[in-house]
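Working notes, beginning with the structure itself.
Since every read-out is calculated from the coordinates, none of them should be taken as a lab result. Since the structure is predicted, the reported quantities are computational estimates derived from the model, not experimental observations. Cβ sites come from the backbone with ideal geometry, for glycine too, and all protein chains shown count toward neighbours.
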């Protein structure tokens with residue numbers, strides 16, 4: 001649940017309108033990290049069940065990730081949060097051009113009824129970030 005994420009320090013930046021996000025109950029943009037001074041961006045999508053997350057959520061999650069991500073209003077199946085799903089690259093100088101259509105998210109994981117979409121500069125970095133957050137969510141084993 002979202003409360004479980006809050007308990008491990010996830011910070012919500014935005015709650016998205018899920019109209020058009022087939023089957024979803026809620027969706028959020030926020031950040032989390034093992035190091036509180038180096039937090040990374042995530043998009044969370046919650047569904048009524050794990051099977052709904054897999055069956056209904058996978059197609060639109062695939063649109064949000066990788067070099068083939070659909071980051072334009074005209075091509076995205078669910079255009080909400082597109083600005084948050086982009087990363088700007090190129091010159092940051094005042095007069096230099098920037099490309100702000102580079103994907104921020106490179107992979108996702110489905111955990112219970114949640115699709116966790118993870119940022120990175122490539123798939124392996126995004127997978128590590130997904131795994132770090134999911135490990136933090138796992139209940140800790142009793143040490144006795």
Next on the checklist: How many angstrom lie between the Cα centre of segment 1-25 and the Cα centre of segment 97-138?
Outcome noted: 15 Å
Checklist entry - Between residue 22 and residue 102, what FRET efficiency follows from the Cβ-Cβ distance if R0 is 22 Å, with the result rounded to 0.05? => result 0.25
Next on the checklist: Helix-only estimate, please: 222 nm mean residue ellipticity of the chain, summing -39500 (n - 2.57) across DSSP H runs of length 4 or more and dividing by its residues, to the nearest 500.
Outcome noted: -5500 deg cm²/dmol
Item to check | Gain on full stretching of the segment that runs from residue 31 to residue 131 - 0.36 nm per residue minus C-alpha separation | outcome: 34.6 nm
Item to check | Normalised contact order of the chain, rounded percent, pairs of Cα under 8 Å and 6 or more residues apart | outcome: 21 percent
